[in-house]
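S.K.: First the structure, which I've put down as structure tokens, then a few questions once you've had a look.
We did not get these values from a lab; they are worked out from the coordinates using the rules stated. Quick caveat: nothing in here was measured; it's all calculated off a predicted structure. Every residue, glycine among them, receives a Cβ derived from its backbone with ideal geometry; neighbour counts consider all protein chains shown.
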Amino acid sequence: MAKNIQAIRGMHDVLPEQTARWQFVEQQIREVLGAYGYQEIRLPIVERTELFKRSIGEVTDIVEKEMYSFDDRNGDSLTLRPEGTAGCLRACIEHGLLHNQVHRLWYYGQMFRYERPQKGRYRQFIQLGVETYGMADADIDAELILLSYRLWQRLGISETVELQLNSLGTIAERAVYREQLVEYFTANSEQLDADSQRRLLSNPLRILDTKNPDMQSLVEAAPKLMDFLGAESTAHFKRLTDTLDTLGIAYTLNKRLVRGLDYYSKTVFEWVTTELGAQGTICAGGRYDGLIEQLGGKPNHAVGFAMGMERILALLENREDLDNIQRVDAYMILVGEAAQNAGIVLAEKLRDKLSGLRIQMHCGAASFKSQFKKADKSGAHYALILAEDEVENDTISIKFLRRDEEQRTVSYAELIELLKV
Ligand code: ATP
Ligand code: MG
């Protein structure tokens, strides 16, 4: 026998028994985003490699080692998108959506990163991305946090996640800080691990992100970016925290939060849980005003976040109430050839008359008993039975599978009335 072909490591199937939960979460997402007036944008999964190099930055984990890049038959270097921000901006610049306009957008879909697969970290994963353009004030930063919080409440996980906040200031403020930081780390270079040695000149802020336990005290004592912010950045951040205070949204200031990507400025935030081990960030984002220009657009404002869907689903693992076993309302049992022929016509009629009714028809010949078992297993409320007698008399029998009521034989018109309620 031929060997089975298996899925690629770190890329997972969502099996039918799990899709009800996914759909539940997706439904909540649509409703919450709708409540704030956000519009969906649909983007390609593949983009030019250059787009990610230019936006994410050459010296980042993603561009250095995580991208799925390949040359297409033309010799162009293409990449499976590792994140959605770059593609979303590319599309908006390309289609002129950013001229004197304000946008609140979202997208949902697969992202690809060549990482070491483990719980909460996959090579293909799904993100919800939310991006806003054209708004400078911190009220939009606050709105993004509020809408994500509303989603946690809807999903029943608001008690298990914590909001961490920081401000990265402007690019100019960060440049001054960067010098101080390099000086500090250079003076303590014997304590840096190999990764950090390498980052010292290329991307020293990333050293603050290190998960190496031996470097924690060094990083803890490093200069804080927050102390280098100018008046405007400080006021912007205060406006955000004041709004969160007013609305009673708790947060922790995390002065080491720098985010992995180069393009952030001012607000950065993460929603973190302790329930998922090392992969605790379920949602991360911030302001990235500089990126639009970097990608060739006119200077403009942007704030957004991305949510890791698998991690959110993992937080809902014990919620069996989300497994909707009832897929269909009615299961049609067809005994004998005449019934099989009549049944397919009748089922179509019922679907015409009762839109929204979910009918599953038994396909293929089988005994009444075996069909009945399937009807019960389907979770349907009704078994609709068509055998020789029924076909002859233009009637149908209905058996109530989930309530205590006698089986009845009725006309088609009566059946439609019965199924309406
Ligand atoms: P991490 O620090 O966990 O590597 P990141 O900074 O690389 O995260 P972002 O690029 O900001 O993550 O992506 C936003 C969110 O997408 C993350 O907070 C996480 O929930 C999710 N995510 C990122 N990478 C993966 C992955 N490989 N598998 C599953 N989810 C992921
Ligand atoms: Mg990462």
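S.K.: Identify, please: which residue in region 127-147 is part of a strand (DSSP E or B) and not hydroxyl-bearing (Ser, Thr, Tyr) and is, among those, farthest from the chain's Cα centre (by Cα)? Reasoning before the result, please.
M.R.: In the first step, residues of region 127-147 are kept if they are part of a strand (DSSP E or B); the result is 127-133.
Next, from what is left, pick out any that are not hydroxyl-bearing (Ser, Thr, Tyr): 127-131.
Details: Gln127: 3, Leu128: 3, Gly129: 7, Val130: 10, Glu131: 13 Å.
So, considering only residues that are part of a strand (DSSP E or B) and not hydroxyl-bearing (Ser, Thr, Tyr), the one farthest from the chain's Cα centre (by Cα) is Glu131.
S.K.: From the residues in region 255-288 that are in a loop (DSSP other than H, G, I, E, B), within 15 Å of ligand 2 (Cβ to nearest atom) and among the charged types (D, E, K, R), which one is surrounded by the most Cβ atoms within 10 Å (Cβ to Cβ)?
M.R.: Among them, the one singled out is Asp262.
S.K.: Of the residues Ala91, Ala7, Ala20, Ala35, which is surrounded by fewer than 14 Cβ atoms within 10 Å (Cβ to Cβ) and touching a residue at least 40 places away in the same chain (Cβ under 8 Å)? It would help to see each step written out before you state the result.
M.R.: Numbers: Ala91 fails: surrounded by fewer than 14 Cβ atoms within 10 Å (Cβ to Cβ); Ala7 fails: touching a residue at least 40 places away in the same chain (Cβ under 8 Å); Ala20 fails: surrounded by fewer than 14 Cβ atoms within 10 Å (Cβ to Cβ).
Of Ala91, Ala7, Ala20, Ala35, the one residue that is surrounded by fewer than 14 Cβ atoms within 10 Å (Cβ to Cβ) and touching a residue at least 40 places away in the same chain (Cβ under 8 Å) is Ala35.
S.K.: Could we say that Ile333 is within 16 Å of ligand 1 (Cβ to nearest atom), surrounded by 13 or more Cβ atoms within 10 Å (Cβ to Cβ) and not small (Gly, Ala, Ser) here? Spell out the reasoning first.
M.R.: Numbers: within 16 Å of ligand 1 (Cβ to nearest atom): no; surrounded by 13 or more Cβ atoms within 10 Å (Cβ to Cβ): yes; not small (Gly, Ala, Ser): yes.
No: the conditions fail for Ile333.
S.K.: So Met135 clears everything in (1) within 16 Å of ligand 1 (Cβ to nearest atom); (2) within 23 Å of Thr267 (Cβ to Cβ) except one condition, right? Which one?
M.R.: Only one criterion is unmet by Met135, namely (1).
S.K.: Any chance region 187-194 includes a residue that's among the acidic types (Asp, Glu) and over 22 Å from Tyr251 (Cα atoms)?
M.R.: If we filter region 187-194 for residues that are among the acidic types (Asp, Glu), which is where we start, we get 190, 193.
Still in the list and also over 22 Å from Tyr251 (Cα atoms): 190, 193.
Yes, that holds for at least one residue.
S.K.: Something else now. Among the residues of region 86-111, what is the count of those that are over 13 Å from the mean Cα position of the chain (by Cα) and either among the acidic types (Asp, Glu) or under 15 Å from Glu310 (Cβ atoms) (or both)?
M.R.: At the first step, the residues of region 86-111 found to be over 13 Å from the mean Cα position of the chain (by Cα) are 86-105.
Right, trim to either among the acidic types (Asp, Glu) or under 15 Å from Glu310 (Cβ atoms) (or both) and you get 94.
Residues meeting the conditions: 1.
S.K.: If you go through region 365-394 one residue at a time, how many are over 18 Å from Glu348 (Cβ atoms) and surrounded by fewer than 21 Cβ atoms within 10 Å (Cβ to Cβ)?
M.R.: 20
S.K.: Quick one: Ile207 ticks every box in (1) under 30 Å from Leu43 (Cβ atoms); (2) aliphatic (A, V, I, L, M); (3) surrounded by 19 or more Cβ atoms within 10 Å (Cβ to Cβ) bar one, so which box is it?
M.R.: Looking at each condition in turn, Ile207 falls short on (1).
S.K.: Which condition breaks for Arg90 when tested against (1) among the basic types (Lys, Arg); (2) away from ligand 1 (no atom under 16 Å from the Cβ); (3) more than 26 Å from Ile29 (Cβ to Cβ)?
M.R.: Every condition holds for Arg90 apart from (3).
S.K.: What's the number of the only condition in (1) closer than 21 Å to Ala138 by Cβ; (2) of a type outside the set (Ser, Thr, Tyr); (3) more than 15 Å from ligand 2 (Cβ to nearest atom) that Ala306 fails to meet?
M.R.: Unmet for Ala306, out of (1) closer than 21 Å to Ala138 by Cβ; (2) of a type outside the set (Ser, Thr, Tyr); (3) more than 15 Å from ligand 2 (Cβ to nearest atom): (3).
S.K.: For the structure I just gave you, tell me whether Ile385 is more than 43 Å from the chain's Cα centre (by Cα) and either among the acidic types (Asp, Glu) or not in a helix (DSSP H, G or I) (or both).
M.R.: On the way: more than 43 Å from the chain's Cα centre (by Cα): no; either among the acidic types (Asp, Glu) or not in a helix (DSSP H, G or I) (or both): yes.
Here the answer is no, as Ile385 does not meet what is asked.
S.K.: Looking only at region 332-374, count every residue that is of a type in the set (Gly, Ala, Ser), under 39 Å from the mean Cα position of the chain (by Cα) and not in a helix (DSSP H, G or I) and tell me the total. Don't jump to the end; show me each part of the working.
M.R.: Residues of region 332-374 that are of a type in the set (Gly, Ala, Ser), as a first pass: 336, 338-339, 342-343, 347, 355-356, 364-367, 370.
Going one step further and asking which of them are under 39 Å from the mean Cα position of the chain (by Cα), we end up with 347, 355-356.
Add one more test, that the residue is not in a helix (DSSP H, G or I), and what stays is 355-356.
Going through region 332-374 one residue at a time, the tally reaches 2.
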